[in-house]
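This report concerns only the one structure given below.
The values are calculated or read from the model by the stated rules, or taken from the named source; none is laboratory data. No experiment lies behind these values; they were computed from the predicted model shown. Quick reminder, even Gly has a Cβ in these numbers, built from the backbone with ideal geometry, and neighbours come from all protein chains shown. Please note that ligands, DNA and RNA were not included when accessible areas were found on the heavy atoms of the full protein model with its side chains. Shrake-Rupley method; radii C 1.70, N 1.55, O 1.52, S 1.80 Å.
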Amino acid sequence: PRTMRGATVALAGVLAAVALPLGSAFHLTAPPGVGNVALRASRSAFTSPRTPGFSLVAPRLRGGVLPVEQHAGRSVAARRQGRSLAMQAGPEVEEKEAVATDDAGENAAPQVAPISFNEEGGLRLFGIDATAEVMAISLVYFVQGILGISRLAVSFYYKDTLHIGPGELAMIQSIQILPWVVKPLYGFLSDGFPLFGYKRRSYLILSGIVGSASWAALSALAACTEAGQCPADSTGTAMAVAAVTLSSLGLAFSDVLVDAMVVARSRGKDQSKAGSLQALCWSSSSIGGILSAYASGTLVQEFGSRFVFGLTALFPLVTAGGGFLIAE
């Protein structure tokens, strides 16, 4: 132990002997109250022609570590020179910063209130007139956020009712996200094959109906399983996975359609209008997500998964109804 203690003390002494000179040599922080100009001036003083042959690294490689007194003297001189340069350049720097601030204020987009009214008294959301189509787009994004209310119910239904293990659950979740993987296909389908003469409206209504029917079927399946009339085996699991996957298909399809409508409305407009429309869309989705996050746990605990599935089936009908408001 004494030998190890002595070796440790010796090693600490060697490290201190190496670290302290290096630390003092590379200590180039700017003094308090001096800006970046003084810091640049102090750095340039270490490599200026007035101190020939002196640099931060080369003398140490050639002749070891500089004496602390010599380094301290040069540091004080450099700081004084940097402070004087900062005082000389101070007014010019402040004037340039003031001009840059004024230019940024002139070019900045005006602040828009989330809710306002136009001259005729009509409602405006983030500076956009709340037309029927804008309200439909906002409702579709709201539904995308509020549908998270079923996420916790689905997990408990798989675990408690169908008795699915973690490995099987991971595989099921990978199947359920497949509709989101092939989202580009929905765009080609809606653009290339209009349904009843419409590229957006018909598919948006259809996606809402598919999502609502899927959640209603899952609610009926959960009621049947809880009553003991439907077995909680692989067949019941396959039916539940199929229902959730179809609901994911309807949600992903509606997401592609409403994104395409937002892009079409933003095309040819200034950045402020396009940004306001994006703010409205993300705000609607966030409000739905916040509501679902607060309500999902309470609803599952108080009413069970079957009730939550039935409640979730109502929201895609809002998407289907919004499809009738789309001007195409």
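Being without any contact (Cβ under 8 Å) to a residue 24 or more places away in the chain and either touching a Leu at 6+ places or on another chain (Cβ under 7 Å) or of a type in the set (Lys, Arg) (or both) holds for only one residue in Arg267, Arg306, and it is Arg267.
The residue pairs whose first member lies in region 145-171 and is farther than 25 Å from Ile290 by Cα, whose second member is exposed (fewer than 13 other Cβ atoms within 10 Å of the Cβ), and whose beta carbons are closer than 9 Å, counting only pairs six or more residues apart or on different chains, are Leu162/Asp233.
In region 302-317, the qualifying residues are those that are closer than 13 Å to Gly208 by Cβ and assigned to a helix (DSSP H, G or I), and the one that is farthest from the chain's Cα centre (by Cα) is Leu317.
If you scan region 214-237, which residues turn out to be in contact (Cβ under 8 Å) with a residue 24 or more places away in the chain and hydrophobic (A, V, I, L, M, F, W, C)? Step through it out loud before you land on a result.
If we filter region 214-237 for residues that are in contact (Cβ under 8 Å) with a residue 24 or more places away in the chain, which is where we start, we get 214-219, 222-223, 225-226, 232, 236-237.
Matches in region 214-237: Trp215, Ala216, Ala217, Leu218, Ala222, Ala223, Ala232.
Tally the residues that are part of a helix (DSSP H, G or I), open to solvent by 30 Å² or more (accessible area, probe 1.4 Å), more than 15 Å from Phe156 (Cβ to Cβ) and touching a helix residue (DSSP H, G or I) at 6+ places or on another chain (Cβ under 9 Å), restricting the search to region 225-244. Total satisfying the criteria: 2.
Which of the residues that make up region 131-144 are open to solvent by 10 Å² or more (accessible area, probe 1.4 Å) and either closer than 16 Å to Ser248 by Cβ or not in a helix (DSSP H, G or I) (or both)? Break it down into steps so the answer makes sense when it comes.
Step one: filter region 131-144 for residues open to solvent by 10 Å² or more (accessible area, probe 1.4 Å), giving 131-133, 135, 138-139, 141-142, 144.
Scanning region 131-144 gives Thr131, Gln144.
On the given criteria, is Ser247 touching a residue at least 24 places away in the same chain (Cβ under 8 Å), outside any loop (DSSP other than H, G, I, E, B), open to solvent by less than 20 Å² (accessible area, probe 1.4 Å) and among the polar types (S, T, N, Q)?
Numbers: touching a residue at least 24 places away in the same chain (Cβ under 8 Å): yes; outside any loop (DSSP other than H, G, I, E, B): yes; open to solvent by less than 20 Å² (accessible area, probe 1.4 Å): yes; among the polar types (S, T, N, Q): yes.
Here the answer is yes, as Ser247 does meet what is asked.
Looking at region 173-197 only, could you name the residues that are assigned to a loop (DSSP other than H, G, I, E, B) and surrounded by fewer than 13 Cβ atoms within 10 Å (Cβ to Cβ)? Of everything in region 173-197, those that are assigned to a loop (DSSP other than H, G, I, E, B) and surrounded by fewer than 13 Cβ atoms within 10 Å (Cβ to Cβ) turn out to be Ile177, Val182, Phe193, Phe196, Gly197. Applying the criterion of being over 20 Å from Ala293 (Cα atoms) and small (Gly, Ala, Ser) to the residues of region 130-144, the residue that is nearest to the chain's Cα centre (by Cα) is Ala136. Could you list, in sequence order, all residues of region 157-172 that are open to solvent by 90 Å² or more (accessible area, probe 1.4 Å) and part of a helix (DSSP H, G or I)? Within region 157-172, Lys159, Pro166, Glu168, Met171 meet the criteria. Of the residues making up region 280-328, those that are surrounded by fewer than 19 Cβ atoms within 10 Å (Cβ to Cβ) and charged (D, E, K, R) are Glu302, Glu328. Every residue in region 198-209 that is surrounded by fewer than 21 Cβ atoms within 10 Å (Cβ to Cβ) and part of a helix (DSSP H, G or I), please. Answer for region 198-209, where residues must be surrounded by fewer than 21 Cβ atoms within 10 Å (Cβ to Cβ) and part of a helix (DSSP H, G or I): Ser202, Leu206, Ile209. Exactly one residue out of Ser212, Ser219, Ser272 is open to solvent by 30 Å² or more (accessible area, probe 1.4 Å) and part of a helix (DSSP H, G or I), and it is Ser272.
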